[in-house]
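Data block below; observations after.
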Amino acid sequence: MRYNISGKLHPGIASITLTNSDDEAHMMAVARLKKGVTLKQVRKALGQSEGAAAPLLADGMDTSYGTPDLLGAGQSETVTALDLPAGTYALICFLTDAKGMPHWQMGMVDLLTVAGPVATEKPKSDGTITLDDKAITLPKGFTGSGTFLVRNAGKAPHNISIAKLDKGTPLLDYYQHVGQAMNGSGQVEGGGGHLVGGIDALSPGQSAYLTLALTKGHYAYLSTTDAQGPQLPTQHGELDIS
Ligand SMILES: [Cu+2]
């Protein structure tokens, strides 16, 4: 129920590895703060209402930085933002425990400083994953291993979230399980699958790199940003990694 932060993040091209060493799913919402805003102020605002945090933020509420998505227990993911601004960021987990208490209230809220010279070295790309207003398109010959440029070519925000499905779990069932947990009624873990990584919402035209090392199995990918109600968004697909 806390973020253990190691390493130093420079502005510009910034690789973030999120490792979930817990036995339940966690997320890391990222919001850049106005100069001088303290962790205490962030905690207080979160306890008031969602809107109470808005005056503390340096950018808009919906600003995307290209950071790691919601992650299942025991998983690790690396996402490389392409244009991370310098500053101090709040990291917040909005998931809830079995009793409905938000993880941030249990300690999962912290500050992260991004400072120093601008980093400009791009990772070597093994292909492009395209998100748009209708679909998610994987590169030809996708093996599930490598570093991929994920580009939002659509007119609305989109993301990619990848799950490994247990044998016999229909994607729709797993999707509905996670959706219910996100709405505060139940836990993300379980439901016949595991969230293995992805990128949080990207704005139209925005890109970030996603590093994957998918092991053998059946996978589904979808844009949770486009998830509305009980039906799958059109931006989804399934594949086997052998
Ligand atoms: Cu959490």
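Side notes on the structure shown:
- Each residue in segment 218-231 was checked for being crowded, with 17+ Cβ neighbours inside 10 Å and more than 22 Å from D83 (Cα to Cα), and 8 of them qualify.
- Pair list, Cβ under 6 Å, 6 or more apart: segment 90-101 residue among the hydroxyl-bearing types (S, T, Y), other residue within 10 Å of the ligand (Cβ to nearest atom): T96/P102
- Matching residues in segment 54-99 - criterion: being open to solvent by 40 Å² or more (accessible area, probe 1.4 Å) and either within 16 Å of the ligand (Cβ to nearest atom) or not assigned by TED's automatic domain parsing to the domain that holds D23 (or both): G74, Q75, S76, F94, A98, K99
- Exactly one residue among P85, P102, P68 is modelled with pLDDT of 95 or more and more than 22 Å from I160 (Cβ to Cβ), and that residue is P85.
- Selection count where residues are outside any strand (DSSP E or B) and surrounded by fewer than 20 Cβ atoms within 10 Å (Cβ to Cβ), scope segment 1-28: 14
The values are calculated or read from the model by the stated rules, or taken from the named source; none is laboratory data. Since the model is a prediction, treat every value here as computed from it, not as a measurement. Positions of Cβ are backbone-derived with ideal geometry, glycine not excepted, and every protein chain shown enters the neighbour counts. Accessible surface areas use protein heavy atoms only, side chains included; no ligands, DNA or RNA. Shrake-Rupley method; radii C 1.70, N 1.55, O 1.52, S 1.80 Å.
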